[in-house]
Amino acid sequence: MPTPNPAALEFLQTRRSRPAKTLVAPAPTRAELEPLLQAALRSPDHGKLEPWRLIVLTGAGLDRLATLAQTRGAALGMDDDKIIKAHAQFANADLAVAVIEAPVISEKVPEIEQTYSAGAVCLQLLNAALAAGWGANWLSGWASHDRAFVEEGLDLTPREKVAGFIHIGTEKIAPPERPRPDMETKVTWQSQ
C-alpha cells in the first residue's frame, strides 16, 4: 500500500503562481534560498547528467540585465512596450534564479529529455518557493531567447539556453483564482 502525503497533494492541487510584478521585498536570504535550490536540483534527470545549472540574480546583477534588455531591444528594433516589459522584469525584481539548460552529449539520453529535465528544475524551484510561503513566478520573454542577451548578460555558451527565470519574493497581493483545464477534455483513458 502506498503511503499518502495529503498535505503535499493538497498543495499541488491548489498551487498558484504569483505574478512577478506583484512580488516585493524582502526576497529570500541566501540561507532561505539554498533549501529551495536543493529541492530544485532533485528534479528528474535521466542518466544523472545534470543538464542544467542555476544563476542566482540579485541587486546589480538584475540592474545590469535590465539595462541590457533596453539596449538589446532597441538594437533589435522592438516596440517600446516590449522593451519596457523586459526591462521591468529585471529592474523591478529583488531576486530571480535563471535556470540554464546545459545539454550534455550523450548516446543514451536524447537532448529533448535534457530539455524536459531543465523544465522540471524550473517547476520544482517554483513549487519549492511557493511551498515555503514565498510568492514565485516562472518567466521567460524575448530576452531569454536572444543569443546576444544571454551570452553577454549570463555568460551562456552557444549550446546553453535559458529554461526560465524564477522570480521569488514576498507576495503583496494574491491573484484571483483562474479557470483550470477541464479534465474531461484533456485526459484520455486507454486500457488496451
Within the range 39-51, how many residues turn out to be closer than 16 Å to ALA98 by Cα, of a type outside the set (Ser, Thr, Tyr) and either touching a Ser or Thr at 6+ places or on another chain (Cβ under 9 Å) or modelled with pLDDT under 95 (or both)? 2
Listed by first then second residue, the pairs whose first member lies in the range 99-110 and is surrounded by 14 or more Cβ atoms within 10 Å (Cβ to Cβ), whose partner is of a type in the set (Asp, Glu), with beta carbons under 7 Å and at least 6 positions apart or on separate chains, are ILE100/GLU160; GLU101/GLU160; ALA102/GLU160; PRO103/GLU111
Among residues belonging to the range 122-158 that are in contact with a Leu (Cβ under 7 Å, 6 or more places away or on another chain) and over 25 Å from LEU76 (Cβ atoms), point out the one that is surrounded by the fewest Cβ atoms within 10 Å (Cβ to Cβ). ALA132
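Yes/no per residue for (1) in contact (Cβ under 8 Å) with a residue 12 or more places away in the chain; (2) within 17 Å of LEU23 (Cα to Cα):
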{"residue": "GLU151", "(1), (2)": "no, no"}
{"residue": "LYS161", "(1), (2)": "yes, no"}
{"residue": "ILE168", "(1), (2)": "yes, yes"}
{"residue": "LYS172", "(1), (2)": "yes, yes"}
{"residue": "PRO176", "(1), (2)": "no, yes"}
{"residue": "GLU184", "(1), (2)": "no, no"}
{"residue": "SER191", "(1), (2)": "no, no"}
Picked from the range 1-38 (must be more than 17 Å from the chain's Cα centre (by Cα) and surrounded by 13 or more Cβ atoms within 10 Å (Cβ to Cβ)), the residue farthest from VAL97 (Cα to Cα) is PHE11
For residues in the range 67-98 being within 17 Å of VAL56 (Cα to Cα) and surrounded by fewer than 19 Cβ atoms within 10 Å (Cβ to Cβ), which is nearest to the chain's Cα centre (by Cα)? ASP94
Can you find a residue that is basic (Lys, Arg), outside any helix (DSSP H, G or I) and surrounded by 14 or more Cβ atoms within 10 Å (Cβ to Cβ) anywhere in the range 44-57? yes
Selected residue [under 28 Å from LYS82 (Cα atoms) and of a type in the set (A, V, I, L, M)] from ALA69, ALA31: ALA69
Qualifying position, being in contact (Cβ under 8 Å) with a residue 60 or more places away in the chain and either hydrophobic (A, V, I, L, M, F, W, C) or in a helix (DSSP H, G or I) (or both), among ALA66, ALA39, ALA74, ALA60: ALA39
Quick one: in the range 145-192, which of the residues that are in contact with a Ser or Thr (Cβ under 6 Å, 6 or more places away or on another chain) and in a loop (DSSP other than H, G, I, E, B) is modelled with the highest pLDDT? LYS172
Hey, among THR14, THR67, THR3, which residue is within 27 Å of GLU177 (Cα to Cα) and hydroxyl-bearing (Ser, Thr, Tyr)? THR14
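The values are calculated or read from the model by the stated rules, or taken from the named source; none is laboratory data. Remember, predicted model here, so these are calculated numbers, not experimental data. In this analysis, Cβ positions are derived from the backbone assuming ideal geometry, glycine residues included, and neighbour counts consider all displayed protein chains.
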